[in-house]
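Here the structure is laid out as structure tokens; the discussion comes afterwards.
The values are calculated or read from the model by the stated rules, or taken from the named source; none is laboratory data. This structure is a prediction, so every number in the text was calculated from the model and none was measured. Backbone-built Cβ (ideal geometry, glycine too); neighbour counts: all protein chains shown. Please note that ligands, DNA and RNA were not included when accessible areas were found on the heavy atoms of the full protein model with its side chains. Shrake-Rupley method; radii C 1.70, N 1.55, O 1.52, S 1.80 Å.
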Amino acid sequence: FFPLAGKSQNAINLEDAIRIAKENNTALMASGARVQQSEQLIKTAFDIDKTDIYYNYDQNNLDHNAEPLNVFGISQKLTFPTVYSQQKNVLGHQTKLMDYQYKIDEITLEKEVSIAYKKVVYRKMLESRYKYLDSLYQQFSHASKRKFEEGGTNRLEYLTASSKQKEISAVYEQSKQEYKVALRRF
């Protein structure tokens with residue numbers, strides 16, 4: 001558990017973060033919609049063309065009493081029955097591919113959220129360690145300065161303690177920034 005950097009006092013764990021990411025990730029939602037669309041397309045495998053009704057009047061085509069023929073007709077295209085079953089198989093395989101892609105997208109999202117979460121936790125722990133070291137070195141630098149002013153130590157010791165404190169302070173500030181970047185990424 002870790003607090004979300006002063007924006008909220010609630011703690012969030014990895015499982016909640018993954019759940020929230022799955023609910024709000026638009027790429028994952030789109031992948032799920034493609035799976036549903038592909039499942040709906042399976043029903044179109046047995047789509048038979050509409051029946052056409054036609055009328056034709058042709059003066060060049062004469063019947064036995066030398067009058068033009070009025071031709072009425074119905075037409076419909078039917079393919080061989082195995083074509084429909086093969087179309088259904090193809091659409092079924094495409095649905096499986098879409099489902100596999102959805103699962104891959106879901107696993108990738110979980111991985112990215114896990115990595116970002118662990119980076120935030122790591123950076124927060126690192127920041128707290130450097131904060132503790134910074135306070136120790138501030139006390140040490142202050143004590144070294146007092147000792148130098150009273151003449152109990154030489155200037156080199158005082159400057160070494162002061163520079164070490166500034167170095168740790170700079171590393172602490174850098175760790176705070178890295179934590180903020182990791183939190184923003186998360």
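What number of residues within the range 148-170 are over 47 Å from the mean Cα position of the chain (by Cα) and polar (S, T, N, Q)? Before you say what the answer is, go through the steps one by one.
Taking the range 148-170 first, the residues over 47 Å from the mean Cα position of the chain (by Cα) are 148-161.
Applying the additional criterion that residues be polar (S, T, N, Q) yields 153-154, 160.
Counting residues in the range 148-170 that are over 47 Å from the mean Cα position of the chain (by Cα) and polar (S, T, N, Q) gives 3.
Across the range 23-62, which residue is most open to solvent (accessible area, probe 1.4 Å) among those that are aliphatic (A, V, I, L, M) and farther than 19 Å from residue 83 by Cα?
Narrowing the range 23-62 to residues aliphatic (A, V, I, L, M): 27-30, 33, 35, 41-42, 45, 48, 53, 62.
If we keep only those that are farther than 19 Å from residue 83 by Cα too, we end up with 27-30, 33, 35, 53, 62.
Details: 27: 63, 28: 9, 29: 100, 30: 41, 33: 51, 35: 14, 53: 138, 62: 92 Å².
By that ranking, first place goes to 53.
Name the single residue, out of those in the range 77-86 being open to solvent by less than 80 Å² (accessible area, probe 1.4 Å) and part of a helix (DSSP H, G or I), that is farthest from residue 44 (Cα to Cα). Lay out the reasoning, then the answer.
Let us first name the residues in the range 77-86 that are open to solvent by less than 80 Å² (accessible area, probe 1.4 Å), namely 79, 82-85.
From the residues that got through so far, the ones that are part of a helix (DSSP H, G or I) too are 82-85.
Values: 82: 15, 83: 12, 84: 9, 85: 11 Å.
Taking the candidates together, the pick is 82.
Just to be sure before I move on: is residue 41 of a type outside the set (S, T, N, Q) and part of a loop (DSSP other than H, G, I, E, B) in the structure I sent? Break it down into steps so the answer makes sense when it comes.
Values: of a type outside the set (S, T, N, Q): yes; part of a loop (DSSP other than H, G, I, E, B): no.
So residue 41 does not fit the description; no.
Kindly list, by first and then second residue, each pair from a residue in the range 102-120 that is more than 30 Å from residue 176 (Cα to Cα) to a residue that is hydroxyl-bearing (Ser, Thr, Tyr) and modelled with pLDDT under 95, limited to pairs with Cβ atoms under 7 Å and residues at least 6 apart or on different chains.
Between residues of the range 102-120 that are more than 30 Å from residue 176 (Cα to Cα) and residues that are hydroxyl-bearing (Ser, Thr, Tyr) and modelled with pLDDT under 95, the close pairs are 102/31; 105/31.
Against the conditions (1) part of a helix (DSSP H, G or I); (2) touching a residue at least 12 places away in the same chain (Cβ under 8 Å); (3) of a type outside the set (Lys, Arg), where does residue 69 fall short? Just the number, please.
(1)
Out of the residues in the range 88-113 that are basic (Lys, Arg) and more than 30 Å from residue 48 (Cα to Cα), which is most open to solvent (accessible area, probe 1.4 Å)?
Just the residues of the range 88-113 that are basic (Lys, Arg), to begin with: 88, 96, 103, 111.
Narrowing the set further to residues that are more than 30 Å from residue 48 (Cα to Cα) leaves 103, 111.
Details: 103: 95, 111: 124 Å².
The residue in question is 111.
Suppose we keep only residues that are open to solvent by 40 Å² or more (accessible area, probe 1.4 Å) and in a loop (DSSP other than H, G, I, E, B) within the range 135-186. Which one would you say is modelled with the lowest pLDDT? Show your work before the answer.
Start the filter on the range 135-186 by keeping residues that are open to solvent by 40 Å² or more (accessible area, probe 1.4 Å), which leaves 135-140, 142-143, 145-152, 154-160, 163-164, 166-167, 170-171, 173-174, 176-178, 180-181, 184-186.
Retained after the next criterion (residues that are in a loop (DSSP other than H, G, I, E, B)): 150-152, 154, 186.
Values: 150: 88, 151: 85, 152: 82, 154: 86, 186: 87.
Among residues in the range 135-186 that are open to solvent by 40 Å² or more (accessible area, probe 1.4 Å) and in a loop (DSSP other than H, G, I, E, B), the one modelled with the lowest pLDDT is 152.
Could you say which residue among 176, 145, 180 is in contact (Cβ under 8 Å) with a residue 60 or more places away in the chain and farther than 26 Å from residue 33 by Cβ?
On the way: 176 fails: in contact (Cβ under 8 Å) with a residue 60 or more places away in the chain; 145 fails: in contact (Cβ under 8 Å) with a residue 60 or more places away in the chain.
Among 176, 145, 180, only 180 is in contact (Cβ under 8 Å) with a residue 60 or more places away in the chain and farther than 26 Å from residue 33 by Cβ.
Please go through the range 45-65 and pick out each residue that is at pLDDT 80 or above and within 23 Å of residue 88 (Cβ to Cβ).
Taking the range 45-65 and keeping what is at pLDDT 80 or above, we get 50-55.
Residues satisfying the conditions are 50, 51.
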